[in-house]
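Accompanying notes for the structure given below.
No value in this document is a laboratory result; all are computed from the given coordinates. What you are looking at is a predicted structure, and each value in this text was computed from that prediction instead of being measured. A quick note on method: Cβ atoms are made from the backbone with ideal geometry, for glycine too, and the neighbour counts reach across all protein chains shown.
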Amino acid sequence: MKILCTLLALSFSFAAVAQPPVSSAKAASAAALPAALPAASATPGVLRDCPSCPEMIVVPAGNFLLGTSASALEVEVERGEAPPLPMTIARAFAIGRYEVTVAEFRAFSEAMQYSPAGDCRVASGGAWLRLPDRGWQDPGFAAPAADSEPVVCVSWDDAKAYTDWLAKTTGNAYRLPSEAEWEYAARGGTTTPRYFGDRDSDEASLLTVACEYANLYDASAVTELAFLQPNARCSDAHTYAAPVGSFKPNAFDLYDMIGNAREWVQDCYTTSYVGRPMDGRAWEWAGGCELRAVRGGGWASRPAASRAAARGAELQGLRQSDLGFRVAREL
Ligand SMILES: [Ca+2]
């Protein structure tokens, strides 16, 4: 009963914040831009700091429950997401409407002569193979990466370098989202496992609606990818990454929070939420960490790993063809 009451209280708090407000800081941040850059978008709640910068959505402050309640018996609860933790996002922030695209990353790569070194793990014959001739421009899909696709084969360090460049170029506080910010944004005010809801308790069959909202490991991808894992029982028409924004958004007007590319977040990965900050900050510690948290599931992910609360962990230096990121910006 206590948990139910808590959830009801949190649901009520969401009702008050479900509509992203126009940022009061928007005018101030736009005024601080270099003269050569255009003003932020005229659309309320939407920011874009330069022509090649990611389009950003202002997400309101609010409270939510990070993780999955033990009472959510219909969900495949994985290690690290339960018990959940009440979380307060005290200030509005902006987050990428889409995953960072190949074109956006190219602007950074060309400006800074930054080329992610090494190789990339790509899907081949039901496994992940590390190939030296694959990378963000040619991640082993049916064709080289299109400008509108999410950039993948980028490590956490590559993603961090991109956000640092964006911050320096625009003068605004760009960074990777924290794990809490990411989940808050992905939920879009919902408390269901996915922002498009769950209609029954069978993880393998419930996702008939998923193909309208998310590019996952779907029925049409099984033959080509051959991963031995459950798939969404619908066809989303994309075996690999889809152009960002190809599927329906959540209530915050954010696209591909679930599916398409898995996304790096700022936090070190932990096997529990116990002890973490409850104010939405990223959880890191001096000396850094090897494992960073990864969120959202991607085109090769099974449905159970493609939920708002689902957490993954990857080595910080990993480059893989289903792993990208989106950016956050302080207001
Ligand atoms: Ca797919």
message: What's the ranking of 318-327, 53-62 by average number of surrounding C-beta atoms within 10 Å, highest first?
response: 318-327, 53-62
- line: Expected unfolding gain across ALA70-ALA90 under the 0.36 nm per residue rule, minus the alpha-carbon gap, is 4.6 nm
query: Say each of TYR114 and ALA251 gets a label point 7 Å from the Cα, pointing the same way as Cα to Cβ; how far apart are those two points in nm?
result: 3.5 nm
message: Under 5 Å between amide hydrogens, which residues at least 5 positions from GLY324 or on another chain qualify, with H placed 1.01 Å from N in the peptide plane?
response: ARG262, GLU263, TRP264
query: If we sort 251-262, 228-239 on the protection proxy, mean other Cβ atoms within 10 Å, highest first, what's the order?
result: 251-262, 228-239
- prompt: Between ASP157 and GLU330, how many nm apart are label points set 7 Å from Cα along the C-beta direction?
  reply: 2.5 nm
- prompt: What does the charge dipole of segment 99-330 about its Cα centre add up to, to the nearest 20 debye, if the Cβ of each Lys and Arg holds +1 and the Cβ of each Asp and Glu holds -1?
  reply: 300 debye
field: Selection from GLY280, ALA328, TRP299, by position along the positive dipole direction of segment 271-331 (Cβ)
entry: TRP299
query: How far apart, in nm, are two points set 7 Å out from the Cα along the Cα-to-Cβ line at ARG130 and at ALA143?
result: 3.1 nm
